[in-house]
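The values are calculated or read from the model by the stated rules, or taken from the named source; none is laboratory data. Not measured: the values here are computed from a predicted model. Don't worry about glycine lacking a Cβ; one is built from the backbone with ideal geometry, like all the others, and counts go over all protein chains shown. What goes into the accessible areas is simple: the full protein's heavy atoms, side chains included, and nothing from ligands, DNA or RNA. Shrake-Rupley method; radii C 1.70, N 1.55, O 1.52, S 1.80 Å.
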Amino acid sequence: MRISRRQALAQTLALGIAAPALLRFGAARAATALKISHQFPGGTATEGDFRDRLCRRFATLIQERSKGAMTAEIYPGSSLMKTNAQVSAMRKGALDMSLIPISYAGGDLPELNIGLMPGLVTGYDEGLGWKNKPIGQEFTKFLAAKGLVIVTWIWQAGGVASRSRPLVAVGDAKGMKVRGGSREMDLVLQAAGASVLSLPSNELYAAMQTGACDAALTSSTSLTSFRLEELAKHLTTGRAKSYWFMLEPLVMSKAVFDRLSNEERDIIVSVGAELEAFGRNAAVEDDVRVAKVYQAAGATVHDLDDKTVQAWRDLSRETAWKDYAGKNENCARLIKLAMEAGS
């Protein structure tokens, strides 16, 4: 198609005007849009499961500090992918971030089961102290080699919801069908005489409802977020003491992290560290709140004392700790450092 001289001139002028703008914006870095997946119920920035709220705070803060160059979208309730697929996806760079119990990937990477090693961590200060001790440095190094970066260290105490009879002392476990939450916790429960089943916390309600599960060990937050008070007659809390502490961090794919600019990585790291205080405070609040929720639902609430915790810890040392240390050199080194961190 022929064009007139006037049309040709107009096109040339348009190109001449547009070229500098094209060069200017073409050289700009494209906005980074992250996807954060987790298994917990969705909410808002101020209401709902604190783990979802933490992810939303993270998204807001990185967007503010990057002036919109970084954004994040939250996918709660395993709506983006199945719960147990998340760690593998991050390792491959197919998922950006997840807030997940690190021990969920213990089947592929047994070293990660130290994140839910019964009796090993006995308090929030001890668990959060890992970050700046040799155990945390060694664990971080191992995760990096496997394609993962912890952005926010989060520990949660846990308790037990049970349908028919309480699970408090070691002897109570005999004959019960119990979800422990990790391979190591399962070893301890089996030694105590229980049969065990393995499933993520978002599947607990259905398992307890059908009778497949008599009792479930999980975090204080999950005990309420997944409405187990509707089924349980008894609750053993972690509000005073617990032998069940779980590392449930906000994790990022190292492949994704490494693709970010230095400025973006600095923002991710600083925001993640700032949110650790929020995570700790929220977890402690839930340790107290869970008892009120279950009492209101008519359940009997039980607390742990030093003697009971020590009995579980002694059994754990002889079973789970020994089994873990015997897995490989990495596991032996990690549990040794963890024991030193708590001494």
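Yes/no per residue for (1) more than 29 Å from residue 82 (Cα to Cα); (2) in contact with a Pro (Cβ under 9 Å, 6 or more places away or on another chain); (3) in contact (Cβ under 8 Å) with a residue 12 or more places away in the chain:
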residue: 151; (1), (2), (3): no, yes, yes
residue: 156; (1), (2), (3): no, yes, yes
residue: 175; (1), (2), (3): yes, no, yes
residue: 185; (1), (2), (3): no, yes, yes
residue: 198; (1), (2), (3): no, no, yes
residue: 207; (1), (2), (3): no, no, yes
residue: 216; (1), (2), (3): no, no, yes
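The set of residues in segment 208-224 that are over 16 Å from residue 301 (Cβ atoms), open to solvent by less than 10 Å² (accessible area, probe 1.4 Å), in a helix (DSSP H, G or I) and among the polar types (S, T, N, Q) comprises 221, 222.
Can you tell me which of (1) modelled with pLDDT of 95 or more; (2) of a type in the set (Gly, Ala, Ser); (3) over 16 Å from the mean Cα position of the chain (by Cα) is the one residue 240 doesn't meet? The failed condition is (1).
Kindly indicate the residue of segment 48-77 that is open to solvent by 20 Å² or more (accessible area, probe 1.4 Å) and of a type in the set (A, V, I, L, M) and also nearest to residue 270 (Cα to Cα) among those meeting that condition. Only one residue tops the list, namely 61. Here residue 294 fits the description: among the hydroxyl-bearing types (Ser, Thr, Tyr) and farther than 16 Å from residue 186 by Cβ. For residue 241, the conditions (1) without any contact (Cβ under 8 Å) to a residue 40 or more places away in the chain; (2) among the basic types (Lys, Arg); (3) touching a Ser or Thr at 6+ places or on another chain (Cβ under 9 Å) all hold with the exception of (1).
Considering (1) closer than 16 Å to residue 103 by Cβ; (2) touching a Cys at 6+ places or on another chain (Cβ under 9 Å), the lone condition that residue 207 does not fulfil carries the number (1). If I filter segment 189-207 down to residues being at pLDDT below 95, not aliphatic (A, V, I, L, M) and not in a helix (DSSP H, G or I), which single residue comes out as most open to solvent (accessible area, probe 1.4 Å)? If we take residues in segment 189-207 being at pLDDT below 95, not aliphatic (A, V, I, L, M) and not in a helix (DSSP H, G or I), then 198 is most open to solvent (accessible area, probe 1.4 Å). Looking across segment 294-311, the residues that are open to solvent by less than 40 Å² (accessible area, probe 1.4 Å) and of a type in the set (A, V, I, L, M, F, W, C) come down to 299, 301, 304, 309. Could you tell me whether residue 314 is buried (at least 16 other Cβ atoms within 10 Å of the Cβ), of a type outside the set (Val, Ile, Thr), part of a helix (DSSP H, G or I) and modelled with pLDDT of 95 or more? Judged against the criteria, residue 314 is not a match. Taken as a whole, the condition of being more than 24 Å from residue 116 (Cα to Cα), surrounded by fewer than 18 Cβ atoms within 10 Å (Cβ to Cβ) and of a type in the set (A, V, I, L, M) applies to residue 255. Test residue 119 against the stated conditions and say whether it is crowded, with 23+ Cβ neighbours inside 10 Å, more than 14 Å from the chain's Cα centre (by Cα) and at pLDDT 95 or above. When the stated conditions are applied, residue 119 passes them. Within segment 170-188, is even one residue surrounded by fewer than 16 Cβ atoms within 10 Å (Cβ to Cβ) and among the hydrophobic types (A, V, I, L, M, F, W, C)? Within segment 170-188 (the criterion being surrounded by fewer than 16 Cβ atoms within 10 Å (Cβ to Cβ) and among the hydrophobic types (A, V, I, L, M, F, W, C)), the answer is no, since none of the residues qualifies. When segment 84-94 is filtered for residues that are closer than 15 Å to residue 143 by Cβ and assigned to a loop (DSSP other than H, G, I, E, B), only 93 remains.
Scanning segment 40-83 for residues that are in contact (Cβ under 8 Å) with a residue 60 or more places away in the chain and part of a helix (DSSP H, G or I) turns up 50, 51, 53, 54, 55, 57, 58, 61, 62, 65, 83.
Conditions (1) under 30 Å from residue 64 (Cα atoms); (2) surrounded by fewer than 20 Cβ atoms within 10 Å (Cβ to Cβ), marked per residue:
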{"position": "268", "(1), (2)": "yes, no"}
{"position": "277", "(1), (2)": "yes, yes"}
{"position": "291", "(1), (2)": "no, no"}
{"position": "320", "(1), (2)": "no, no"}
{"position": "323", "(1), (2)": "no, yes"}
{"position": "336", "(1), (2)": "no, yes"}
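Checking each residue in segment 106-139 for being assigned to a helix (DSSP H, G or I), in contact with a strand residue (DSSP E or B) (Cβ under 7 Å, 6 or more places away or on another chain) and under 21 Å from residue 183 (Cα atoms) picks out 115, 116, 127.
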